[in-house]
Amino acid sequence: MAARHDGFRSIAGGIRWDLLPARLYERGKHLGAWNPRDIDFSRDREDFRHLDPAAQESFLRLAAGFAAGEEAVTLDLLPLVWTVAREGRLEEEMYLTIFLFEEAKHTEFFRRLLDALDVHDDLSGFHSPAYRTIFYEELPRAMHRLLADPSPEAQAEAAVTYNMVVEGVLAETGYYAWRRLLEPTGAMPGTLRGIAHIATDEARHIAYGVYLISRLVAEDDRIFDVVERRLNALMGPALGTFAADPPRDPAVQADILDFARRRFDARLNVIARARGRSVADIEGWAGGVFAEALGDNG
Ligand SMILES: [Fe+2]
Ligand SMILES: [Fe+2]
């Protein structure tokens, strides 16, 4: 594709404020404006110091997964931003600028938390082989492939990896689980506050991913097979990353899995509904259909 512009939407044609990405952009401008630096970790520091060594280790294992995961998605999003910009999808690129800013803040949040807890050791030893498969290999590979191959298939694989699996299964369920474990203890209030902000940001990120994949499926029905294949390939290592977590109360565990399944099924249903539809149909779904994908935090 030649590097030239044939016109500009801002002065001819306008910006589609009705599209889901433009709506997410609008939401992100205020909901995504929280500042990790404003979070007070002084109670967390005290609470952490009073945990027994096993509980400290569990906390750090989770923090090591989330912190590196947020760093990975910060580092690996740019090829997708470049891909949609190159296609002239202004609304999508505008939203992705906020998306990337939010991921940078999530990374900042975890580093500030670890600094406040006075944890300066290398925590990468907590990363399981399954975790490494997803975050050290599959995610960067799927995203950076776009620089050489921005085809719809590659875009679908990238969005399934990033939005459906890493954000939709791992981050969202992981944060939900962590909140469920921490909230009853009344401890670590700064950590909980940050996670609550991150969860609402992630819901918007995932909604964008579902929109993108739905658009790609509407453009070419064969993309649905690419989506299914990629999901099947990644689900094993994705679920394997949870296996290293500390054992939980079976009722809590069942609730967490149920949460993950409901969210995942709702999103896959949206994508399946895109089959046989036109791109204009998907663009018209900005409200109701994606509200489902946004979930409770929408
Ligand atoms: Fe994030
Ligand atoms: Fe995200």
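No value in this document is a laboratory result; all are computed from the given coordinates. Since the structure is predicted, the reported quantities are computational estimates derived from the model, not experimental observations. With ideal geometry, Cβ positions are generated from the backbone for all residues, glycine too; neighbour counts draw on all protein chains shown.
Can you give the percent of C-alpha pairs in region 20-297 whose distance is more than 28 Å?
33
In which sequence would TRP17, TRP178, TRP34 go, from the one with the fewest C-beta neighbours within 10 Å to the one with the most?
Going from least to most buried by this count: TRP17, TRP34, TRP178.
Using θ = phi - 60° and the Karplus form 6.51 cos²θ - 1.76 cosθ + 1.60, what ³J(HN,Hα) does each residue of region 56-63 get, whole Hz, x for Gly and Pro?
4, 5, 4, 4, 5, 4, 5, 4
Kindly state, to the nearest 0.05, the FRET efficiency for TRP17 paired with ASP249, given R0 = 30 Å and r defined as their beta-carbon distance.
For TRP17 and ASP249, the calculated efficiency is 0.05.
Using the charge dipole of region 103-225 (Lys, Arg: +1 at Cβ; Asp, Glu: -1 at Cβ; taken about the Cα centre), state which of PRO140, VAL160, TRP178 has its Cα farthest towards the positive end.
It is TRP178, whose Cα lies furthest towards the positive end.
Taking +1 at the Cβ of each Lys and Arg and -1 at the Cβ of each Asp and Glu, which of GLY190, ALA12, ALA274 sits farthest along the dipole of the chain towards its positive end, judged by Cα position relative to the Cα centre?
ALA12
Taking square-rooted eigenvalues a ≥ b ≥ c of the alpha carbon gyration tensor, is region 28-85 rounded, prolate or oblate, where a/c under 1.5 means rounded and, failing that, a/b exceeding b/c means prolate?
oblate
What nm value, rounded to one decimal, do you get for the distance between ASP40 and GLU57 when each label is placed 7 Å out toward the C-beta?
Rounded to a tenth, the inter-label distance reads 3.3 nm.
Quote the charge dipole size of region 1-100 about the Cα centre in Debye, to the nearest 20; the model charges only the Cβ of Lys and Arg (+1) and of Asp and Glu (-1).
Dipole size: approximately 400 debye.
Quick one: order LEU239, LEU117, LEU24 by neighbouring beta-carbon count within 10 Å, fewest to most.
LEU239, LEU117, LEU24
Just to verify a number: FRET efficiency for ALA85 and SER151, C-beta to C-beta distance, R0 = 22 Å, to 0.05?
0.85
Given springs between every Cα pair under 10 Å in a Gaussian network model of the chain, which of GLY14, GLY209, GLY194 has the largest fluctuation?
GLY14
In a shell of Cβ-Cβ distance under 15 Å around ARG89, excluding ARG89 itself, what net charge do Lys and Arg (+1) and Asp and Glu (-1) give?
Around ARG89, the charge tally is -3.
What is the fewest-to-most order of THR107, THR133 by other Cβ atoms lying within 10 Å of their Cβ?
By the 10 Å Cβ count, ascending: THR133, THR107.
Treating only the Cβ atoms of Lys and Arg (+1) and Asp and Glu (-1) as charged, compute the dipole magnitude of region 20-297 about its Cα centre; round to the nearest 20 debye.
360
Take the Cβ-Cβ distance between HIS50 and ASP118 as r, set R0 to 22 Å, and report the resulting FRET efficiency rounded to the nearest 0.05.
Working from the Cβ atoms, E equals 0.95.
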